[in-house]
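So the structure is just underneath, and the comments pick up after that.
The values are calculated or read from the model by the stated rules, or taken from the named source; none is laboratory data. These numbers come from a predicted model, not from an experiment. For neighbour counting, all protein chains shown are included, and Cβ atoms are generated from backbone atoms with ideal geometry for every residue, glycine included. Just so you know, the surface numbers come from the protein's heavy atoms only, side chains and all, with ligands and any DNA or RNA stripped out. Shrake-Rupley method; radii C 1.70, N 1.55, O 1.52, S 1.80 Å.
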Amino acid sequence: MSQIAINTSQNVNINFTIASVGERMLAFIIDLLIKVAYIVIVFYLFFNIFDLGYLLTGLDQWSIMAVYIVLTFPVYIYPLVLESLMEGQTPGKRLIKIRVVKIDGYQASFGDYLIRWVFRLIDTSAAGVIGLISMIVSKNNQRLGDIASGTAVISLKNNINISHTILENIKIDYVPSFPQVIALSDNDMRIIKDNYVKAIKVDDRQIISKLSEKIKSILKLETDPKMTERQFINVVIKDYNYYTGKDT
């Protein structure tokens with residue numbers, strides 16, 4: 001499998017395995033089956049269970065089409081809503097263990113998902129041929145929506161899991177210091193811990209210092225002058241695990 005090196009704001013590269021075209025197609029098929037099942041159920045309820053078909057009698061073609069659009073509207077916004085709520089995943093992506101991420105290393109925003117959704121109209125045109133060709137010829141298996149939004153789809157298999165690397169042992173009587181850490185996402189914390197662990201291994205004090213300042217800037221924290229930068233980052237990681245309930 002090909003990999004992508006995501007450059008974080010601290011200029012540290014983290015390698016991720018790119019989701020293959022086959023994995024993305026399989027996730028797409030699973031999501032498609034879910035959407036088809038929804039349409040079948042909704043139309044069955046509308047026409048058979050509630051017997052509301054008579055409401056369409058006498059309506060012109062445009063009005064009938066409008067009713068159908070309202071009934072099937074969730075299908076159209078399915079990827080946008082679910083990727084936003086599930087942090088870059090849909091049920092299909094979750095089953096296949098793939099996820100949408102920003103190439104700059106941060107969690108994709110609603111705006112990014114919106115761009116991907118808009119370009120889906122182009123990517124899925126001609127029976128999906130355009131999106132398929134784009135994924136095959138692009139460097140990181142990106143469809144047009146990914147390229148436009150600066151995102152890529154990574155595989156979470158083989159222990160490459162966003163939550164896995166943020167786990168930290170904390171004692172039962174642990175007392176947190178910075179409740180502001182709840183403003184961070186799992187992806188933010190993964191980046192912080194990955195960079196910190198790498199910097200510790202090579203004793204890169206410059207990276208540790210930049211990372212410490214970045215965290216303080218984002219969370220607007222004032223720390224005890226006696227607390228070293230390493231101690232501060234350790235506390236931030238433990239506090240995040242404490243407040244989010246992530247422990248080993």
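Below, the figures for the structure above:
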| item | result |
| --- | --- |
| Filtered residues of region 42-73 (kept if in contact (Cβ under 8 Å) with a residue 12 or more places away in the chain and open to solvent by 60 Å² or more (accessible area, probe 1.4 Å)) | Leu55 |
| Residue satisfying condition, being touching a Lys or Arg at 6+ places or on another chain (Cβ under 7 Å), touching a residue at least 24 places away in the same chain (Cβ under 8 Å), among the charged types (D, E, K, R) and open to solvent by less than 50 Å² (accessible area, probe 1.4 Å), within set Asp112, Asp123 | Asp112 |
| Subset of region 46-101 (residues that are touching a Gly at 6+ places or on another chain (Cβ under 9 Å) and farther than 30 Å from Gln142 by Cβ) | Phe46, Phe47 |
| Matching residues, region 16-35, being open to solvent by 70 Å² or more (accessible area, probe 1.4 Å) and aliphatic (A, V, I, L, M) | Met25, Leu26, Ile29, Leu32, Leu33 |
| Top-ranked residue of region 126-154 - restricted to ones that are among the charged types (D, E, K, R) and open to solvent by less than 50 Å² (accessible area, probe 1.4 Å), ranked as farthest from Leu32 (Cα to Cα) | Asp146 |
| Some residue of region 183-194 being assigned to a helix (DSSP H, G or I), open to solvent by 40 Å² or more (accessible area, probe 1.4 Å), small (Gly, Ala, Ser) and at negative phi | yes |
| Failed item in (1) in contact (Cβ under 8 Å) with a residue 40 or more places away in the chain; (2) within 19 Å of Leu32 (Cβ to Cβ); (3) in contact with an Asp or Glu (Cβ under 8 Å, 6 or more places away or on another chain), with Leu95 passing the rest | (3) |
| Every residue from region 39-59 that is within 38 Å of the chain's Cα centre (by Cα) and within 15 Å of Thr72 (Cβ to Cβ) | Ile39, Val40, Ile41, Val42, Phe43, Tyr44, Leu45, Phe46, Phe47 |
| Failed criterion for Lys157 (all others in (1) modelled with pLDDT under 95; (2) surrounded by 14 or more Cβ atoms within 10 Å (Cβ to Cβ); (3) part of a helix (DSSP H, G or I) hold) | (3) |
| Within region 218-248, tally of residues that are open to solvent by 50 Å² or more (accessible area, probe 1.4 Å), within 17 Å of Val197 (Cβ to Cβ) and in a helix (DSSP H, G or I) | 5 |
